Structure formats: C-alpha cells, structure tokens
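A short worksheet on the structure shown next.
The values are calculated or read from the model by the stated rules, or taken from the named source; none is laboratory data. No experiment lies behind these values; they were computed from the predicted model shown. Neighbour counts are summed over all protein chains in view; Cβ atoms, including those assigned to glycine, are modelled from backbone coordinates with ideal geometry.
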Amino acid sequence: MIPGNSDTKDGILFCLPFLIVFALFLIFPMLFGFFISFFDWDILSTRQWKGLGNYIKLFKDATFYSSLWHTLLFVLISTPILLVIGFLMALLVTSKSAFHGAAENVFFLPYVLSITVIGTLWAWIFQKNYGILNQFIKLFGGKPVGWLTETYPAMWSIIITTVWWTAGFNMILFSAGIKQISSEIYDAVKIDGANYIQTVFHVTLPLVKPTTVLCLILQVIASFNIFGQVYVMTGGGPHGSTRVLVQYIYENGFNYFKMGYSSAMAYVLFFIIMILSLIQYKVLGQEDY
Amino acid sequence: MKKNICNILILLALLIWIFPLFWLVVTSLKNEQDVMSDTIRLLPSNPTLVNYIKAFSSTEVFPWLMNSFIVSFTVTIGVIVLDMPIGYALARIPFKGRKVIFWLVMAAMMIPFQVIIIPLYMQFNQYGILNTLAGVLLPRLAMPIGIFIIKQFYEGVPAALEEAAFIDGASRFTTFTHIMIPLGKAAMVTTIIISFINAWNDFLWPLIAVSDSIKYTITVGIANFQGTRGTEYAMIMAGALIASIPQFIFYAVFRKQIVQGLAMTGIKG
C-alpha cells in the first residue's frame, strides 16, 4: 500500500498498548484463576495442591446446587418477561402514538442508573412497614407482605426490580429491528385488511426474529451473572432463598477466603456462559445480519 | 373512542414506569414524619433539603463522589488512549496477525468479569494496590468495548482521505494523529460516554478491591448504606440521587450516543 510497506510493524505498534493492559489484567487473571482452582488457598497461609478436589467438593455441595437452581430460576422467569415487555415497549416507541418520544425516555432511563441506586430504591419501595407498595396494599384492605424478608416473594421482588431496570435495553434492540422492516410490507397487509393485532403477530414478530434471538441470548448471559440486585436488596436471604451463583462465589472468596474453591465455582459459571456464548455465535452466524 | 382508551392505557403504563424515579426524588425531599407515615403521602408535606445536607455532612458521600469521578475520568482517558490506536489499526491497517488479535479480543468479551475477581484480587494483593483507586480502575482498562465502537466507525471512513496523506508522504502515525483522530470524534464521544457511565456504575470490583470506607466509590458507598444507615430512608434516597447526577446529565445531553453505543456493543447489566 505504501512504498517501503511497514504495515505489519505499524499494526502491531498501534495494538500494543492495549494488548499489554489486556494481557495483564484480563488474560493473565483468567489463566491464574484456573490455576488457583486446583489449590486450597487462602491469602494468609501457603497454598496446597488439591487436584480436582475443589471441583469434586463442588458437586457435593448442596448450597452450590441451590445457588445454581436460584440462578436458573431467575433466568427462566425473568427472561420471557423481559423479552415480552421489551417488545411491547418497542411497539409503542416505534408507533405513531403521541407518546412515543416520552415513552422511549421513560423506559430507557432506569437502564443508565447504577445497580446500587436501583437496588436501594426498590428495597425502599418493597420495605415492609413504610414502603409504598405495602401502603397501597393496605389501602385496598390487604395485608402487608414482607417482599424482601419472606422466602417466597423475595425472588419475585428481585425479578420485578430487574425488569424495571433492564427492559429498556431490550426495547432499544427491538426498536432497531422493527425500524428495519420496510413500510411497504405494512401498507400491503393494511390493504389486505389485516388489523393491528394480526399485523403484529403475522408481520412484525416473524420479521424481528433475528433480534429476538439476539435479545434472548444476551439476556440469558446477563441473567446468569446476576449479583448486584441480590447483594444490595437481600444479601442472598432470607434463608439463602435468593442466593445466586455469583453471590456464593463472592461469599466463599471474600467472607471465608476460600480462594481455590471460589475459583473452581467461577470456572463452572464460566463454562456455562461459554457454552451459551458458543450457541450465540453459532446462531448469529446462521442468521443474516 | 378506541383510540382514547388506548392512550389512557399507554399513559397509565408510563406513569407506573416513571413512578419509582418520582418516588426517589419525592422521598429524598421528605422529612422523617412523612417517611415513617402509615398512610400514603405522595408529596412531601414540607419539602426539605435536610437529607441532602445530612448525606454530605454525616456520611462520606463527598469523598465517594470524588473517588468515583477520579476513577471514571481516568478510565475514560485511559480507554481513549488505548482503544483509539487499536480500533483504527484493526479497521484500517492490513497487517499480519490482525485477524488473530481481533478474535482474541472478541473472545475475551465473552469472559464474565466474575470469573476473574478472585485471581485479580490475589494479583493486586501481591502488587500492593488493593484498597487504592488505581486498583479499582486498572481492570476497566482491559475491557475492549471501546475498540468495537471505534473499529466499526473507522471501517466506514473512505480510504481516499488516508491515501491522499500517504501520497503527500505522511507517515502512518502522522496520518493517524492529524487526520484519523479528528475524523473519529463521533466514535470518540460515544466511547467516552459509554466508558464513563460503565466505570461510574461499576459495582462488583470496587466492592472487592476497596475495604476502607473513605476509599469507596459512590456505588459501593450507597450499597453499604443498607447495612449501616438502614432506616434513614430519606437520606439514602438523597444519596442515591446524588450518585445518579452524572447519568442524568449525560442522558440529557447525549441520549442518542448512549442509546446507539449500548445497542451496538450489546452490553447488558
């Protein structure tokens, strides 16, 4: 391209600053973590080789299974809700409704806030004695619910909070998908006499399928990593009923300093996410983007 | 008639969705009697700023804000300095190893941060940078989000501009600093906003990296209110609102870039 071509040298030089930081603070810790997972290791004493001991212990640990189950439960319940609400929001935002601009702001704004702000705000809304939700329930003659202090509603409270926080993100992706559908298609089905509901089900939904798949995968991966909401709102309680995988990793690592055990668990999570990511890669590779 | 019903339903949905934010603001302006009231008080009987004063005077909100600013600001500058050249190189320099580097960085995007918290903690413990702001911000610099925004932008820039400079005898570096960087302002702005907001909102790593409360970032500080100031709801809400000021400002000014940037990089919380 240029006389005395130095593309290769230039290319490497331009990439180098980032690659150094990348190797130091991402690649190295990733490999180091795998190494740690084969040891009994707290920060104070010297490490002890355990081989696959941590992994074996993991698969006998009832708390690990319950954390995995809570994470799965969260993923299974929140994902469909988040997709449907995100899609409905996108329908409104891309419509000719007078509110479409306001709606986009209202739905998206929560997403830019920090999870600690979201968590403390909703913990206050769900507060048993003075929280606004229970005050409404009392107003209509109901009994106050311990949203965050009783086993059954706690996970639901976290799901509601998460939906409020991130549905707007799915809305953005869906809106982008809907905007790509040519208006001629809509004109054509209108002439054929289709009503709004029919149009949504037979035109919009099938045509945004690639977006739906993308949303689904991003959502599942994000939900597997859930932590902030739980840490702030319930701390994994009551009675461990909202303890998710990352919460358990955190507890083992930083409350009990079982670094090896905690790392082994992190790698199991990594393995799950990697499989999901590979599916993502595969599916996205098939669809035409 | 049908349209009216539809509009009322939409309005209702919007009101429900905005309500928590409204509640955040209203609670922060209430006095204690209003907060600890058995009946619903949608508006404060006597709006007061006492909770904000309390947040600043009786807690460490101010140093936390400063810490968050230092961390987010440094991360943003670092990300621009590191990501602009590699983003440009991956898009425009046909060099050997480009594909490998790109796929390596891509693959790293899939690593959930949770996987590296333990090793990072032990690594930083060794370096003696736990409990410092440097320790909080360094891992953020290794996140490749900015590269994607920048690379995608430069792929769309016509090659003629660069070639003209080369013909005039400019080196790759001069071309980059004098032509490509000024051209890439739009990508830079998006990267700056996304990096700043992400760094500001970061929670898990600052929570782990810092143990002295004076060195907390604001997100960690607010999260700890739950445990230390549990029943001072109005004060906590004031703190949460203070913690969200940069996002509100950024959102008001750069709404378009935020929406685009987030949609493009597909990052979910």
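In table form, for the structure just shown:
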item	result
Residue count for the range B:151-206, restricted to those that are over 30 Å from B:P119 (Cβ atoms) and polar (S, T, N, Q)	6
Residue in the range B:32-45 that is surrounded by 13 or more Cβ atoms within 10 Å (Cβ to Cβ), over 25 Å from the mean Cα position of the chain (by Cα), charged (D, E, K, R) and not in a helix (DSSP H, G or I) present	yes
Helices (runs of 4 or more DSSP H) fully within the range A:227-287 counting 2 or more residues that are touching a Lys or Arg at 6+ places or on another chain (Cβ under 8 Å)	A:259-286
Residues within the range B:206-226 that are facing chain A (nearest Cβ under 7 Å) and closer than 17 Å to B:N125 by Cα, tallied	1
Answer from B:G135, B:G146 - the residue that is modelled with pLDDT of 95 or more, touching a helix residue (DSSP H, G or I) at 6+ places or on another chain (Cβ under 6 Å) and buried (at least 22 other Cβ atoms within 10 Å of the Cβ)	B:G135
Filter result for the condition that a residue is at pLDDT 90 or above, surrounded by 20 or more Cβ atoms within 10 Å (Cβ to Cβ) and β-branched (V, I, T), over B:I77, B:I53, B:I118	B:I118
Enumeration of residues in the range B:242-268 that are surrounded by 23 or more Cβ atoms within 10 Å (Cβ to Cβ) and either touching a strand residue (DSSP E or B) at 6+ places or on another chain (Cβ under 9 Å) or under 15 Å from A:T116 (Cβ atoms) (or both)	B:A243, B:S244
Residue that is surrounded by the most Cβ atoms within 10 Å (Cβ to Cβ) [pool: residues in the range A:90-134 that are part of a helix (DSSP H, G or I) and more than 9 Å from every other protein chain (Cβ to nearest Cβ)]	A:A90
Failed criterion for B:T219 (all others in (1) β-branched (V, I, T); (2) in a helix (DSSP H, G or I); (3) modelled with pLDDT under 90 hold)	(3)
The one condition in (1) over 29 Å from B:A142 (Cβ atoms); (2) modelled with pLDDT of 95 or more; (3) hydroxyl-bearing (S, T, Y) that A:S67 fails to fulfil	(1)
Test: B:A234 is buried (at least 24 other Cβ atoms within 10 Å of the Cβ), touching a residue at least 24 places away in the same chain (Cβ under 8 Å) and more than 18 Å from the chain's Cα centre (by Cα)	yes
Residue among A:F271, A:F201, A:F227 that alone is without any contact (Cβ under 8 Å) to a residue 60 or more places away in the chain, on the phi < 0 side of the Ramachandran plot, among the aromatic types (F, W, Y) and surrounded by 15 or more Cβ atoms within 10 Å (Cβ to Cβ)	A:F227
Unique match (being more than 26 Å from B:K215 (Cα to Cα) and more than 8 Å from chain A (Cβ to nearest Cβ)) among B:L65, B:L104, B:L133, B:L137	B:L104
Contacts under 7 angstrom Cβ, first residue in the range A:36-54 being at negative phi, partner among the basic types (K, R) and surrounded by fewer than 18 Cβ atoms within 10 Å (Cβ to Cβ), 6 or more apart	A:F39/A:R47; A:D40/A:R47; A:W41/A:R47
Selection status of B:L130, in contact (Cβ under 8 Å) with a residue 60 or more places away in the chain and not in a helix (DSSP H, G or I)	yes
Qualifying residue in the range B:154-173 (condition: more than 10 Å from every other protein chain (Cβ to nearest Cβ), within 30 Å of A:Y111 (Cα to Cα) and touching a residue at least 60 places away in the same chain (Cβ under 8 Å))	yes
Extreme residue, nearest to A:K57 (Cα to Cα), among residues of the range A:252-268 that are surrounded by 19 or more Cβ atoms within 10 Å (Cβ to Cβ) and free of Cβ contacts under 8 Å to residues at least 60 places away in the same chain	A:S262
Some residue of the range A:39-47 being more than 8 Å from every other protein chain (Cβ to nearest Cβ) and over 35 Å from the mean Cα position of the chain (by Cα)	yes
Filter result for A:T199 (part of a helix (DSSP H, G or I) and out of contact with any His (no Cβ under 8 Å at 6 or more places or on another chain))	yes
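Residues checked against (1) small (G, A, S); (2) over 30 Å from B:A238 (Cβ atoms):
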residue: A:Q48; (1), (2): no, yes
residue: A:G51; (1), (2): yes, yes
residue: A:Y55; (1), (2): no, yes
residue: A:F59; (1), (2): no, yes
residue: A:F99; (1), (2): no, yes
residue: A:T120; (1), (2): no, no
residue: A:I125; (1), (2): no, no
residue: A:L139; (1), (2): no, no
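The rows are residues; the columns are (1) touching a helix residue (DSSP H, G or I) at 6+ places or on another chain (Cβ under 7 Å); (2) modelled with pLDDT of 90 or more; (3) of a type outside the set (G, A, S).
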residue: A:D192; (1), (2), (3): no, no, yes
residue: A:T211; (1), (2), (3): yes, no, yes
residue: A:L218; (1), (2), (3): no, no, yes
residue: A:I226; (1), (2), (3): yes, yes, yes
residue: A:Q247; (1), (2), (3): yes, yes, yes
residue: A:Y250; (1), (2), (3): no, yes, yes
residue: A:F254; (1), (2), (3): yes, yes, yes
residue: A:F257; (1), (2), (3): no, yes, yes
